[in-house]
Amino acid sequence: MSTFLLLTITGLGLGAMYFLIASGLSLIYGLMGVLNFAHGAFISVGGYGTWWFQTNVFDGIDSLLWRWLLSAFMGLVLGGAFAALVELVLIRPLYSRHIEQVLVTVGLQLAFVALLIGGFGADAKPYTVPPWLHDTTTVFGAHIPNDRWIEIATAIVVLALLQLFLRKTRYGLIIRAGVENRAMVQALGIDVRKAFTLVFAIGGIAAAIAGVLSGVYFNVVGPEQGTSLLIFAFIVVVIGGLGSIGGSAAAAVVVGLTQQYTNYYASAGIGDMVVVLLLGVVLLTRPRGFAGAVVGARA
Amino acid sequence: MNRDLVKNWLWPLAVFGLLAIVPKIAVDVPRLFDQPIDSPGTLALLASCLVFGALALTYDIQFGYTGLLSFGHALYIALGCYLSNIAITQWHWQFWQGVLFTIAVAFVLSMVLGFVSLRATGIAFAMVTLAFAQAGAVLALKDPHHWTHGEEGLGADYTKLPQAFVGIFNTKNLYWLALAFLAVVFFIVRWLADSSPGRVWGAIRDNEPRVEVLGMRSRAYKLQAFVVSSVLAAAGGIVYMLLFNGSTLSVTEPNFTLTLLLMVVIGGAGSRWGAVLGGILYTYLDDRLVAIGSSSQVAGLPKALRTPLEQPLFLLGVVFILIVMFLPGGLVGIVQRGRPTGLRRIREAVGGEAPPVKEGV
């Protein structure tokens, strides 16, 4: 029982990171039709940005909590700014040329990983966090590392904020309308391109949060970490239904839990296979994903 | 008719014929190569350039010729590379048995996975192929049956390999093998492009709804292109295994497919010479830029400038982005001005503009 509980919470923690990445991917795809490979770079900007500020700028702060929080905040700012810059410089000139946009993000992702390896080395960097994050809390006999709670709570807060933003604000309305029918939004005289930059910035911040949290989860940040998380986020996005935040959240939980359970009860590595199998089954039975948006409708 | 004969068959034959005499040239080309052309080191580099030229061309069957953007092509190359090796090294089969078995498995696997992944189209297809390839990569890494040796990689049992391809002295044979494979793939693609399925592939790339309206089942044709390209990729994987005396995890990784995509786009998608040129040039630069990065001129630069120059993948990634943005026809697009080439033609297939009507989000 206690093992099961530990696996469940850990799976949810993993799912939380998938959701943070997938939500941005899904919004960007829904609005702009771009599969954003550079999301892996946004994750790394968050992770490495936090690590860099921790070791170079805020290393004078004695309180590990504040040092971590301030550095993480700077990581998020960098992630959002970098994402907005990518949209302005690389995506916007290729407006409405989807295939080129995807290719540019692929090139950026590859070049960025190479740059990280060149700048900071191929080895992973240790990540300092307040020690209590790695203590455990005992719940019903299960010793659960504290960072799992932070990951889950962050994802829930981000989900709530995103939904609030999408449902209650004018820009949220434009984005939702744009996901549904971009041509109509433009016909109404609204400059949808501003929403593109905004969606990239939001996605970049969410991905940077995932980068910060993955540093806590794995204890290190490495150059390839973003890429490996990104692949499962892609699976989450397809299973959840492209363009749907709620679908991504549900799919992230399912994928995270499935991975943890099967990796433990079957054997290590099987979990990853089962997730891919799940993707195949979903595509065969419900090609639209959980949330019902048409998979690949933009093709 | 005669002009076509010259352009389609005699030109390529002349080029491949010239490439075939390269191992007999004992010349030193100081800046381009460290060692004389006929030395094993240079020949091995040239052979891997040729293999990547061929692999890029197999990828282009899907991407440039049919408009399918796959992120999982590495799966079939890895299958060829690993399964042929496992057959001889772990199961102690004869080499030719391993080759036949590998090709058969590649055929069946690409049929099954192609059938499933082609239910999705456009970008979703790309993601699904990526996921399948990732499953293959995990399988090779975790190695549940102790066949692949995980991160160590699996060295081939050289007693089972054809003796003509074993040993440094025989590097020239490997070069010829790579060249022969490239020529075979080149002429197969040449022949396919003019065949009736090949024309349907091109039509699917240019305008898939129209193909459907004409009463053809575009999915069946796409599956055909997928299987042909995947089986050729598996054959390329076997050549790759011979060239590198074994199998390593790098061929299984998603980045391997992305590298092929870079090669095809840099050279010029949907063009035989473009894909081949891209593959050759990329592989050559990837190898040689390391030498430039560690040269004394670069070492004297400040760190902020030196770091990017020491990373070939960074430079190639930047070149790729610039080509996508400013030269969508790739390098061959410079020569073939005025004709719609490269990405311009594929754009419609993968990312059409027409916004879909969705029922609720």
**Report entry** Segment B:Ser294-B:Phe107, length gained on full extension (0.36 nm per residue, minus Cα span)
**Finding:** 63.0 nm
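Quick one: accessible area per residue over the protein assembly as shown, 1.4 Å probe, rounded to a whole number of Å²? Display every interim value, and only then the final one.
Numbers: 26640 Å² over 660 residues.
Spelled out: the 1.4 Å probe surface of the protein assembly as shown, per residue, equals 40 Å².
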Query raised in the report: So what's the gap between the Cα centers of the stretch B:58-103 and the stretch A:180-207, to the nearest angstrom?
Result: 42
**Report entry** Square roots of 5 times each gyration tensor eigenvalue, C-alpha, the stretch A:1-81, largest first, Å
**Finding:** 26, 23, 8
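Would you mind counting up the charge near B:Leu249? Only other residues with Cβ under 14 Å from its Cβ, with Lys and Arg at +1 and Asp and Glu at -1. Intermediate results must be reported in sequence, preceding the final value.
Values: positive: B:Lys142; negative: A:Glu224, B:Asp143, B:Glu151, B:Glu152, B:Glu253.
Counting the neighbours of B:Leu249, the net charge comes to -4.
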Report summary line: Among A:Leu213, A:Ala183, A:Val255, the residue whose Cα sits farthest towards the positive end of the charge dipole of the stretch A:165-269, when +1 is placed on the Cβ of each Lys and Arg and -1 on the Cβ of each Asp and Glu, is A:Ala183
**Report entry** Shielding by partners - mean other protein chain Cβ count within 10 Å, residues of A:221-231
**Finding:** 2
Report task. Work from the charge dipole of the protein assembly as shown (Cβ charges, +1 for Lys and Arg, -1 for Asp and Glu, about the Cα centre) and give the residue of B:Ala291, A:Ile61, B:Pro328 farthest towards its positive end. Result -> B:Pro328
Query raised in the report: What is the Å³ per residue value for the convex hull set by the Cα atoms of the protein assembly as shown?
Result: 167
Requested in this report: Could you tell me the largest-minus-smallest coordinate of the C-alpha atoms of the stretch B:198-253 on each of the three principal axes, in descending order and whole angstroms?
Outcome: 49, 19, 15
Query - Residue among A:Val139, A:Val255, A:Val129 with the largest mean-square fluctuation in a Gaussian network model of chain A, springs linking Cα atoms under 10 Å - result: A:Val139
Query raised in the report: Rg and Dmax of the stretch A:198-253, using alpha carbons, in Å: what are they?
Result: 12.0, 32
Report summary line: Distance in nm between A:Tyr265 and B:Ile334 label points, each 7 Å along Cα→Cβ, equals 6.0
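Suppose R0 equals 45 Å. What FRET efficiency, 1/(1 + (r/R0)^6) with r the Cβ-Cβ distance, do B:Ala220 and A:Gln186 give to the nearest 0.05? Let's see the in-between values first.
Values: r = 37 Å, r/R0 = 0.82.
With R0 = 45 Å, the Cβ-Cβ based efficiency is 0.75.
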**Report entry** Whole-angstrom gap from the stretch A:125-178 to the stretch A:230-259, using each part's C-alpha centre
**Finding:** 16
**Report entry** Net dipole in debye of the stretch A:1-124 [+1 Lys, Arg Cβ; -1 Asp, Glu Cβ; about Cα centre; nearest 20]
**Finding:** 240
Query raised in the report: For B:Trp96 and A:Val220, what does the FRET efficiency come to when R0 = 60 Å and r is the distance between their Cβ atoms, rounded to the nearest 0.05?
Result: 0.80
Query raised in the report: For the stretch B:220-268 and the stretch B:176-215, what is the separation of their C-alpha centers, rounded to whole Å?
Result: 17
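Given Cα positions, please report Rg to Rh for chain A, the hydrodynamic radius being the Kirkwood one. Can you show the working numbers first?
Working: Rg = 18.9 Å, Rh = 19.5 Å.
Ratio value, two decimals: 0.97.
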Query - Cut-off under 5 Å, modelled amide H: who pairs with B:Gly246 long-range - result: B:Ala156
Requested in this report: Take the solvent-accessible surface of the protein heavy atoms, probe 1.4 Å, and return the percent of it on chain B that carbon and sulfur atoms account for.
Outcome: 66
Query raised in the report: Residue by residue, what Karplus-based ³J(HN,Hα) values in Hz, rounded to whole numbers, does the stretch B:62-75 have, using 6.51, -1.76 and 1.60 with θ = phi - 60° and x for Gly and Pro?
Result: 7, 6, x, 8, 10, x, 9, 8, 9, 10, x, 4, 4, 4
Report task. Given the options A:Leu110, A:Leu230, A:Leu78, state which has the largest fluctuation in a GNM of chain A using a 10 Å cut-off (strictly under) for Cα springs. Result -> A:Leu110
Query - Set of aspartates and glutamates with alpha-carbon distance to B:Lys142 below 20 Å, sequence-local pairs under 8 removed - result: A:Glu224, A:Asp272, B:Glu151, B:Glu152, B:Glu253
Query - About the Cα centre, charge dipole magnitude for the stretch A:113-185 (Lys/Arg +1, Asp/Glu -1 at Cβ), debye - result: 540
Query raised in the report: What aspartates and glutamates sit close enough to B:Lys24 to cross-link, taking a C-alpha to C-alpha distance under 14 Å and skipping anything fewer than 8 places away on the same chain?
Result: B:Asp38
Requested in this report: Mind grabbing the accessible area of B:Lys172 for me, 1.4 Å probe, Å², rounded to tens?
Outcome: 50
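If you place +1 on the Cβ of every Lys and Arg and -1 on the Cβ of every Asp and Glu, how big does the dipole about the Cα centre of chain A come out, in debye to the nearest 20?
Numbers: 15 positive and 12 negative charges, 219 e Å.
Here chain A has a charge dipole of around 1060 debye.
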Report task. Set Lys and Arg Cβ to +1 and Asp and Glu Cβ to -1, take the dipole of the stretch B:98-212 about its Cα centre, and tell me which of B:Gly122, B:Phe181, B:Leu161 lies farthest positive. Result -> B:Phe181
Query raised in the report: Debye sum, Cα scatterers, the stretch A:123-200, no solvent: what log₁₀ I/I(0) at q = 0.14, 0.16, 0.24 1/Å?
Result: -0.67, -0.73, -1.08
**Report entry** nm² value of the averaged projected area, convex hull over the Cα atoms of the stretch B:183-312
**Finding:** 10.7
Report summary line: Mean other chain Cβ within 10 Å across B:130-139 is 6
Report task. Would you please give the FRET efficiency between A:Thr136 and B:Ala26, computed as 1/(1 + (r/R0)^6) with r the Cβ-Cβ distance and R0 = 51 Å, to the nearest 0.05? Result -> 0.15
Report summary line: Across all Cα atoms of chain B, Rg and the largest Cα-Cα distance (Dmax), in Å, are 20.8, 69
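With a cut-off of 8 Å between alpha carbons and a minimum separation of six or more residues, what is the relative contact order of chain B in percent? Write out the running numbers ahead of the final one.
Numbers: 551 pairs, mean separation 99.4, N = 361.
Worked out over chain B, it gives 28 percent.
Per DSSP H run of at least 4 residues, take -39500 (n - 2.57); add these up for chain B, divide by its residues and hand me the 222 nm value, nearest 500 deg cm²/dmol.
Numbers: 16 runs with 245 residues, N = 361.
Rounded to the nearest 500, it is -22500 deg cm²/dmol.
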Requested in this report: Specify whether the C-alpha gyration tensor of the stretch B:80-202 places it in the rounded, prolate or oblate class, a ≥ b ≥ c being the square roots of the eigenvalues: rounded for a/c under 1.5, otherwise prolate if a/b is larger than b/c and oblate if not.
Outcome: oblate
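The values are calculated or read from the model by the stated rules, or taken from the named source; none is laboratory data. Predicted model only: the values in this text are computed from it and were never measured. Cβ: placed from backbone, ideal geometry, glycine included. Neighbour counts: every protein chain shown. Each accessible area value is taken on the protein alone, full model and side chains, heavy atoms only, with ligands, DNA and RNA left out. Shrake-Rupley method; radii C 1.70, N 1.55, O 1.52, S 1.80 Å.
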